[in-house]
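> Questions regarding the structure given below will be posed in turn.
The values are calculated or read from the model by the stated rules, or taken from the named source; none is laboratory data. Every value quoted in this text rests on a predicted model; they were computed, and no experiment measured them. Here Cβ is always computed from backbone atoms with ideal geometry, including for glycine, and neighbour counts include all displayed protein chains.
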Amino acid sequence: MRRVVAVAAGFWLLVDLLRVWTPSLITIFGQAASTPAELMGAFALGCVLAGVLPRVGVRFGLPATPTLRAALLVALACRIALMLTDGGEAQLWLASVGVAAAVAWTVLAAEQYGDELVQGFLAALVLAAVTHAALGTWAAVWRDDPWGWALLAVQVVLVLVTVREEPSGPAPARLALALLPAFLIAGVWAANPARGSVVSEAGGPMVVVLATMVAVVLARFAPLRPDLVRRALPVAGGLLAVTSALVLVPLETPAWSVVAYALAMPCLALLLLGIGQVGRTDPGHRSPAVAAACGAVLWVVLFFAYYAGYDLGYRADLLIVALALALVGMAVTSRDLSAIEVDASPRPALRAGAGTIAIALMAALFGPYVTVAAVVEDDISGAGQGLRVVSWNLRMGYGMDGEFDPRAVAAQIADQDPDVVLLSEVDRAWLLNGGQDQLAILARLLDMEAHFGPAADAVWGDAILTDLPVGEVRSRPMDSFGAVTGAQVLSATITKDGQDYDVVSTHVQPHPSKDGEDGALAQALVISGLALRLHDSGNPTVVGGDFNLEPGDPSWDVMTGTGLRDALAEARPLPTSPADRPEQQIDHVFASPELKASDPVAFGGELSDHRGVAVTLTTDADA
């Protein structure tokens, strides 16, 4: 059991380091879509290959077990140092060294903890899922508060207590190869509480946590019935592929997809058991460390191939489905599962497991309400006359220094006393950005109701936050002309002091189409047309977002040509991008003619790569 905990501690450390490393690649090494995906991928591949070097050293004489322990301690040291780092280049390099060390540990662990590899890997996913859900999907590595430090202390204790565990023997080579690619499925969606929260804010993370714990139970006790497991492998593989398609392919996330989250991790656990046993009965003598190194390289290649699909325009979601099918192919040739050692007296373990599951579910359900406290004491809406509107492109919640600091973002928004907040580039679960539901976190911090409009996929798009009464909410996809993050227009009817307003949140993509059509112009026509139809219904109308156009552009003329007014005109010029040296006026609020604008400002410093804008809009009835 202690060896299982040792494996779980190492993999949990890897998961936490990845939550910093991948967004650091995007925000520090690169600048999101402006840096070629292949360049960021090459850097990431270099970090993973660096993690293979200690195994090369072992091949030429380094002692294996001390090297494994040293790699784990280096990864832990980097994890600790990241808690003390304020973003920037230091964050990028500490995370990169930490990931390389964690990969080195993974490669070496495949040769030394073979009997515990599946159980330890799945236990790490449980630890990651439970703690992430309890923190409201605000990753502990970004939290400079007692909750973040407490979880770091738990990791330190687990590593120090188990680091001297003696090896138990090598893992099957096929299992070592499959483990990190399997993590891609788990991290992208199957064991991702943030993605579950998009389905149901409270119930989704609970289902994810429960499913990961059931997966551990299966890994521990399913080998007691090897024939049953062997027959279940094709079904498990088919379910994993189908559920991946059902969750990842649609733009909207249906409520019934919670069933997919309940099935996915148990199915993945069965496949890993089958793959491990195939390796045991394989007459070959391939090195598990070499296989694990190949698995790490395959993982990073698949990882960037998946997210590059949003940039290059191919169906990246089908890659995850294909990966699930590949795992099926590795598992279904299993012949004998009886060689896996299990506890012959499972009842005491099951009773202890039932209590653990109950505690974990309670943490997932109630934890966010305890660990994510609002930054405002009272409602910030309705404080003054008229409608106070904030519009801000948040760049997944990462500042110019590459740090994720939603509390500071929420405080900046609260300082504007907004009635409604229109947000662009909202990320709700991308593993590339740390796997956090940024919208749910902000909604809790601001004590506001969130409404989401998916653009690139079901968990990336634009949003509206408010605590005013909300009527009809609609999201309409737009042609993005090949833009990385898609395009949509989200509208909602809100009511303040008896007056209904139609508010619109959007993000214009300036990419040209293949035939040379101006994408921004075409999207401006769609948005302005919607605004005109909304206004014709009788309500004052407000449109805000990152428009990627400046006053005087053809697209600007389209927006104002329908009668919409520049609500920020009084403060022009009002540059908002880039945040550290604003030069471009590309973030705007447009309002229908009967609305009078006052107090327009830009704010937010460098908490995003854009500055936010705010303005108060009043009608004659407010005067």
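> Would you pick out the residues in region 184-236 that are outside any helix (DSSP H, G or I) and over 20 Å from VAL372 (Cα atoms)?
Going residue by residue through region 184-236, those that are outside any helix (DSSP H, G or I) are 191-192, 200-202, 225.
Selection gives ALA191, ARG225.
> Out of ALA524, ALA614, ALA597, ALA520, report the one residue that is free of Cβ contacts under 8 Å to residues at least 40 places away in the same chain and in a strand (DSSP E or B). Full working, then the answer.
Details: ALA524 fails: in a strand (DSSP E or B); ALA614 fails: free of Cβ contacts under 8 Å to residues at least 40 places away in the same chain; ALA520 fails: in a strand (DSSP E or B).
On inspection, the qualifying residue turns out to be ALA597.
> Let me ask something else. Of the residues ARG225, ARG174, ARG230, which is charged (D, E, K, R), at pLDDT below 95, touching a helix residue (DSSP H, G or I) at 6+ places or on another chain (Cβ under 6 Å) and outside the structural domain of GLN436 (by TED's automatic domain parsing)? Walk me through it before giving the result.
Numbers: ARG225 fails: touching a helix residue (DSSP H, G or I) at 6+ places or on another chain (Cβ under 6 Å); ARG230 fails: touching a helix residue (DSSP H, G or I) at 6+ places or on another chain (Cβ under 6 Å).
So the residue among ARG225, ARG174, ARG230 that is charged (D, E, K, R), at pLDDT below 95, touching a helix residue (DSSP H, G or I) at 6+ places or on another chain (Cβ under 6 Å) and outside the structural domain of GLN436 (by TED's automatic domain parsing) is ARG174.
> Identify, from the list LEU82, LEU72, LEU49, the residue that is in a helix (DSSP H, G or I) and within 24 Å of ALA305 (Cβ to Cβ).
Numbers: LEU82 fails: within 24 Å of ALA305 (Cβ to Cβ); LEU72 fails: within 24 Å of ALA305 (Cβ to Cβ).
After ruling out the rest, the residue left standing is LEU49.
> Taking region 446-458, which residues are surrounded by 24 or more Cβ atoms within 10 Å (Cβ to Cβ) and either at pLDDT 95 or above or over 25 Å from ALA191 (Cβ atoms) (or both)? Break it down stepwise before answering.
Narrowing region 446-458 to residues surrounded by 24 or more Cβ atoms within 10 Å (Cβ to Cβ): 446, 448, 452-453, 455, 458.
Correct list: LEU446, MET448, PHE452, GLY453.
> Might you check whether a residue that is outside any helix (DSSP H, G or I), at positive phi and under 23 Å from the mean Cα position of the chain (by Cα) occurs anywhere in region 387-408?
So the first thing to find is which residues in region 387-408 are outside any helix (DSSP H, G or I), and the list is 387-394, 398-405.
From what's left, at positive phi: 402.
Checking which are under 23 Å from the mean Cα position of the chain (by Cα) leaves us with 402.
Yes.
> Let me spell it out: the conditions are (1) among the β-branched types (Val, Ile, Thr); (2) at pLDDT 95 or above; (3) in a helix (DSSP H, G or I), and VAL118 meets all of them except one. Which number is the exception?
Exception for VAL118: condition (2).
> ASN393 passes all but one of (1) in contact with a helix residue (DSSP H, G or I) (Cβ under 9 Å, 6 or more places away or on another chain); (2) crowded, with 24+ Cβ neighbours inside 10 Å; which number fails?
Going through the list (1) in contact with a helix residue (DSSP H, G or I) (Cβ under 9 Å, 6 or more places away or on another chain); (2) crowded, with 24+ Cβ neighbours inside 10 Å, ASN393 breaks only (1).
> I would also like to ask the following. Out of GLY519, GLY561, GLY544, I need the residue that is small (Gly, Ala, Ser), on the phi < 0 side of the Ramachandran plot, touching a Ser or Thr at 6+ places or on another chain (Cβ under 8 Å) and modelled with pLDDT of 90 or more. Which one?
None of the others qualify; the one that does is GLY544.
> Now, a different point. Could you grab the pairs with beta carbons closer than 9 Å, sequence gap of 6+ or different chains, first residue in region 159-173 and touching a residue at least 24 places away in the same chain (Cβ under 8 Å) and of a type in the set (S, T, N, Q), second one outside any loop (DSSP other than H, G, I, E, B) and surrounded by fewer than 16 Cβ atoms within 10 Å (Cβ to Cβ)?
Close Cβ pairs satisfying both conditions: THR162/ARG2.
> GLY87 - would you say it is in contact with a helix residue (DSSP H, G or I) (Cβ under 8 Å, 6 or more places away or on another chain), modelled with pLDDT under 95 and under 30 Å from ASP447 (Cβ atoms)? Steps first, answer last, please.
On the way: in contact with a helix residue (DSSP H, G or I) (Cβ under 8 Å, 6 or more places away or on another chain): yes; modelled with pLDDT under 95: yes; under 30 Å from ASP447 (Cβ atoms): yes.
So GLY87 passes the test.
> Moving on to the next point. Before we move on, is GLY461 at pLDDT 85 or above, small (Gly, Ala, Ser) and in contact with a strand residue (DSSP E or B) (Cβ under 7 Å, 6 or more places away or on another chain)?
Working: at pLDDT 85 or above: yes; small (Gly, Ala, Ser): yes; in contact with a strand residue (DSSP E or B) (Cβ under 7 Å, 6 or more places away or on another chain): yes.
So GLY461 fits the description; yes.
> Give just the number: which of (1) assigned to a loop (DSSP other than H, G, I, E, B); (2) touching a residue at least 24 places away in the same chain (Cβ under 8 Å) does PRO573 not satisfy?
Every condition holds for PRO573 apart from (2).
> When only residues in region 578-593 that are in contact (Cβ under 8 Å) with a residue 40 or more places away in the chain and in contact with a His (Cβ under 9 Å, 6 or more places away or on another chain) count, which is surrounded by the most Cβ atoms within 10 Å (Cβ to Cβ)?
Initially, region 578-593 is screened for residues in contact (Cβ under 8 Å) with a residue 40 or more places away in the chain, giving 578-580, 586-592.
Then keep just the ones that are in contact with a His (Cβ under 9 Å, 6 or more places away or on another chain); that gives 578-579, 586-587, 592.
Numbers: PRO578: 16, ALA579: 21, ILE586: 21, ASP587: 26, SER592: 23.
Selected residue: ASP587.
> Which residue is surrounded by the most Cβ atoms within 10 Å (Cβ to Cβ), if the candidates are limited to region 534-549 and must be farther than 12 Å from HIS507 by Cβ and of a type outside the set (A, V, I, L, M)?
Among them, the one singled out is THR541.
> Please pick out the residue among GLU570, GLU550 that is under 35 Å from the mean Cα position of the chain (by Cα) and acidic (Asp, Glu). Can you show your working first?
Details: GLU570 fails: under 35 Å from the mean Cα position of the chain (by Cα).
Only one candidate qualifies: GLU550.
> From the list GLY203, GLY187, GLY196, which residue is surrounded by fewer than 19 Cβ atoms within 10 Å (Cβ to Cβ) and touching a Gly at 6+ places or on another chain (Cβ under 9 Å)? Break it down into steps so the answer makes sense when it comes.
On the way: GLY187 fails: surrounded by fewer than 19 Cβ atoms within 10 Å (Cβ to Cβ); GLY196 fails: surrounded by fewer than 19 Cβ atoms within 10 Å (Cβ to Cβ).
GLY203 is the lone residue from the list that is surrounded by fewer than 19 Cβ atoms within 10 Å (Cβ to Cβ) and touching a Gly at 6+ places or on another chain (Cβ under 9 Å).
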